[in-house]
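The values are calculated or read from the model by the stated rules, or taken from the named source; none is laboratory data. Just so you know, these numbers come straight off a predicted model, no measurement behind them. Cβ: placed from backbone, ideal geometry, glycine included. Neighbour counts: every protein chain shown. The accessibility values were calculated without ligands, DNA or RNA, using every heavy atom of the protein model including side chains. Shrake-Rupley method; radii C 1.70, N 1.55, O 1.52, S 1.80 Å.
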Amino acid sequence: MMHLFDLTGLTAVVTGARRGIGLGYATALAEAGADIIAVSAGQEPSGSAVERAVTALGRRCTCLRADLSRPEEVARAVEEIRGVARVDILFNNAGTISRRPAVDYSDEEFARVLRVNLGAGFTLARELGGDMLERGWGKIVFTASLLSYQGGVLVPAYTASKHGVAGLTQALANEWAGRGVNVNAIVPGYIATDNTQALRDDPVRSASILERIPAGRWGEPSDLGGAAVFLASHASDYVNGIALPVDGGWLGR
């Protein structure tokens, strides 16, 4: 049974891999045997946390820098990725968030969040997923959000983008499930990362969040590793278009 989860010989692209959830994904995939291509806006060419984690597990790690808010850099990243290796697995994880009242959002700020969280993921899925379709096998995993289902507070662009990610996951799965490419999403709960630092630093908000999580704690990036390996492996070959919550029970409340 364990061979179903074995990623040996496969190459996975993980965007937003420099830290947080992306670093957790990359580490888990490497532990299962995959080589990693790590893509982030601030990605160091060498010596990064993700490179250290992956190489310590005996896997190759290639680090690429790309600002995914800029379409021309997304296109360049696609070509650089293709020059490194055949991509078997794509984790569209890179994201950004901007907290402010809707009346204070500029059009450009709103559009920038959507370009990073949704547009870049679509482009990478279209290009690298197209290569997978030609070979008849591949795995694409998006990072959705609890705000794929809820409105949130002071995050209109982020919420809109994550609703879009949930829908895009289903749309691509409908097209590609019969052609050997699985498209799914992971829905992280409240995970202790830089993006949630402001919430964790607010004693009132943090307490109210913890009260609703049946598991009674904030999640860690490593909590997402099992779901990541499952959706990247042959174990999920008949799983299509799902958004898998890893949330400590939040959505069940």
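Details
- Residues that are under 17 Å from residue 84 (Cα atoms) and touching a residue at least 40 places away in the same chain (Cβ under 8 Å) within segment 27-56 comprise 34, 35, 37, 39, 40, listed in sequence order.
- Considering residues of segment 97-120 that are part of a loop (DSSP other than H, G, I, E, B) and in contact (Cβ under 8 Å) with a residue 60 or more places away in the chain only, the residue farthest from residue 66 (Cα to Cα): 99
- Any hit, segment 181-201, residues being in a loop (DSSP other than H, G, I, E, B), touching a residue at least 40 places away in the same chain (Cβ under 8 Å) and over 15 Å from residue 143 (Cα atoms): no
- Tally, over segment 42-80, of residues that are open to solvent by 60 Å² or more (accessible area, probe 1.4 Å), over 30 Å from residue 5 (Cβ atoms) and either aliphatic (A, V, I, L, M) or modelled with pLDDT of 95 or more (or both): 6
- Here residue 110 does not fit the description of being hydrophobic (A, V, I, L, M, F, W, C) and closer than 19 Å to residue 22 by Cβ.
- Residues in segment 127-148 that are surrounded by fewer than 24 Cβ atoms within 10 Å (Cβ to Cβ), small (Gly, Ala, Ser) and not in a helix (DSSP H, G or I): 136 only.
- Among residues of segment 205-240 being of a type in the set (Val, Ile, Thr) and part of a helix (DSSP H, G or I), the one that is nearest to residue 178 (Cα to Cα) is 229.
- Matching residues, segment 226-240, being within 17 Å of residue 10 (Cβ to Cβ) and either open to solvent by less than 10 Å² (accessible area, probe 1.4 Å) or hydroxyl-bearing (Ser, Thr, Tyr) (or both): 228, 231, 232, 233, 236
- Cβ-Cβ under 6 Å pairs, at least 6 apart or on other chains, segment 121-142 side more than 19 Å from residue 17 (Cα to Cα), far side of a type in the set (Lys, Arg): 133/179
- Residues in segment 159-189 that are open to solvent by 10 Å² or more (accessible area, probe 1.4 Å) and either acidic (Asp, Glu) or touching a Pro at 6+ places or on another chain (Cβ under 6 Å) (or both): 1 in all.
- Residues that are in contact with a Gly (Cβ under 7 Å, 6 or more places away or on another chain), at negative phi and among the β-branched types (Val, Ile, Thr) do not occur anywhere in segment 53-60.
- Within segment 1-93, helices (runs of 4 or more DSSP H) holding 3 or more residues that are closer than 28 Å to residue 180 by Cβ: 20-31, 71-84
- The residues listed here are 64, 57, 7; of these, the one that is more than 22 Å from residue 227 (Cα to Cα), touching a Ser or Thr at 6+ places or on another chain (Cβ under 9 Å) and not hydroxyl-bearing (Ser, Thr, Tyr) is 64.
- Within segment 190-221, restricting attention to residues that are polar (S, T, N, Q) and open to solvent by 40 Å² or more (accessible area, probe 1.4 Å), the residue that is farthest from the chain's Cα centre (by Cα) is 208.
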